[in-house]
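J.: Here's a structure for you.
What follows is calculated from the coordinates using simple rules that are stated; it is not laboratory data. Nothing here was measured: the structure is a model prediction, and the numbers come from that model. Positions of Cβ are backbone-derived with ideal geometry, glycine not excepted, and every protein chain shown enters the neighbour counts.
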Ligand code: HEM
């Protein structure tokens, strides 16, 4: 695969094809002054330009023998692996720097069933690193963390494998840890019209964020062991789609259009489908995770849900309100981490991430 271009009208890592691996990191500013933060964003942008092109950071991993090398070195000899780095700014980023906060960037409401761990939620900034090679994604975040020393520190991070959504409907749809095809009815990354309508911030402002988007992250734990004792029929009823083909009930092929009336009234797909929610749509780009066991003999596994939208009020929030209330999936999942950030538009040659805000 060719490297994914870093520069452009929109940040890469959103509508671009979903890679196999994720390293997501949320940061808090340790020195919240505009001068320091702008200097860091310039440094990060320069490093991101190089790493996404498959190059080493700064002077590389093998510089002067008596100094620590600029690059940590574990990606030496590896290709760019379609690495994308996508940045987002949280409400607290604007507040702490005294910048005007966009109206849509406020705390997400509490949803029934939420059991959010503050140590896995929020953050002044976030960086989503996606690549086909986990070592490349981890290298990228590690080197950004290193450059952030003195200005920003990691608050929490999450590794992901096995994309659970695709933006390329012509390719095989991946499966989540419940064994179901996930991302069938997602916004395709090549559909500029749908992206403009539902994903990219438009003229509603602020101007510096036009072409950007809002990112919602939810760490969703799955009670895998309980799920695995559930009958196939019940599993399928919960989604309203078949497990093998992924076809909606009453249809034969995966991509046949959903006929809402033929799905169980409280099935996940029926509740989340735009036809039930006045046309609401989001771009899903999540990953599976397994962080070992939880000390009680159960897998600490689930879906690290990532969704991009033009405005959370007309994206994630109404969908999650509907799901949190009646989705039968709730018996098998729990939301344990959460965050909302605004991703600035893409970077032009010579520019830096979030430049328009300063
Ligand atoms: C559809 C799984 C959480 C929004 C689907 C589908 C599956 C699935 C298997 C059907 C295939 C597809 O169209 O992609 C899961 C699992 C979840 C989860 C296992 C949690 C662990 C969520 C959350 C949201 C969401 C939190 C948003 C708040 C959607 C939407 C669709 C969908 C919008 C497409 C519905 C349609 O247009 O037909 N999900 N999902 N899902 N899900 Fe989820």
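J.: Calculate the FRET efficiency for residue 115 and residue 42 from the Cβ-Cβ distance with a Förster distance of 45 Å, rounded to the nearest 0.05.
T.: Approximately 0.70, to the nearest 0.05.
J.: Determine, for each peptide in 201-209, 180-188, the mean count of other beta carbons within 10 angstrom over its residues, then list the peptides with the highest first.
T.: 180-188, 201-209
J.: Which of the three applies to region 255-348, rounded, prolate or oblate, going by the alpha-carbon gyration tensor with a ≥ b ≥ c and a/c under 1.5 meaning rounded?
T.: Oblate, since a/c reaches 1.5 and b/c is not below a/b.
J.: Tell me what the chain gives for mean residue ellipticity at 222 nm when only DSSP H runs of n ≥ 4 count, each as -39,500 (n - 2.57), the sum divided by the residue total, rounded to 500 deg cm²/dmol.
T.: That comes out to -6000 deg cm²/dmol.
J.: Please arrange 66, 76, 299 by how many other C-beta atoms lie within 10 Å of their C-beta, fewest to most.
T.: By the 10 Å Cβ count, ascending, the order reads 66, 76, 299.
J.: Provide the gained length on full extension for the span residue 161 to residue 149, in nm with one decimal, where the gain is 0.36 nm per separating residue minus the Cα-Cα distance.
T.: Stretched out fully, the residue 161 to residue 149 stretch lengthens by 1.6 nm.
J.: Right, something else. How do 352, 316 rank when sorted from fewest to most other Cβ atoms within 10 Å of their own Cβ?
T.: In order of increasing Cβ crowding within 10 Å: 352, 316.
J.: For 57, 280, what's the fewest-to-most ordering of other Cβ within 10 Å of each Cβ?
T.: Ordered by Cβ neighbours within 10 Å, fewest first: 280, 57.
J.: If you stretched the chain out fully between residue 170 and residue 291, how much longer would it get, using 0.36 nm times the residue separation minus the C-alpha to C-alpha distance?
T.: 40.5 nm
J.: With the crude spin-label approximation of a point 7 Å out along Cα→Cβ, what separation in nm comes out for residue 204 versus residue 233?
T.: Between residue 204 and residue 233, the label points sit 4.4 nm apart.
J.: Is the C-alpha gyration tensor of the chain telling us rounded, prolate or oblate? Criteria: a/c under 1.5 is rounded; beyond that, a/b larger than b/c is prolate, otherwise oblate.
T.: In terms of gyration-tensor shape, prolate.
J.: Ok, one more. May I ask for the angle, rounded to the nearest 10°, between helix 34-52 and the longest principal axis of the chain, with both axes built from Cα atoms and the value confined to 0 to 90°?
T.: Once rounded, one gets 70 degrees.
J.: Give the peptides 106-118, 284-296, 8-20 in descending order of average Cβ contacts within 10 Å, highest first.
T.: So the order, starting with the most tightly packed, is 8-20, 284-296, 106-118.
J.: Order the peptides 268-274, 59-65 from the highest to the lowest mean number of other Cβ atoms within 10 Å of their residues.
T.: Descending packing order for the listed peptides: 268-274, 59-65.
J.: Further question on the same structure: How high is the relative contact order of region 21-346, in percent, with contacts defined as C-alpha pairs under 8 Å that are six or more residues apart?
T.: Averaging sequence separation for qualifying contacts and normalising by length gives 24 percent for region 21-346.
J.: Still on this structure, I have one more. Could you tell me how many degrees, from 0 to 90 and to the nearest 10, lie between the Cα long axis of helix 134-148 and the main elongation axis, the longest principal axis, of the Cα atoms of the chain?
T.: 50 degrees
J.: On C-alpha positions alone, give me the angle between the axis of helix 316-326 and the longest principal axis of the chain, in degrees, nearest 10.
T.: That works out to roughly 40 degrees.
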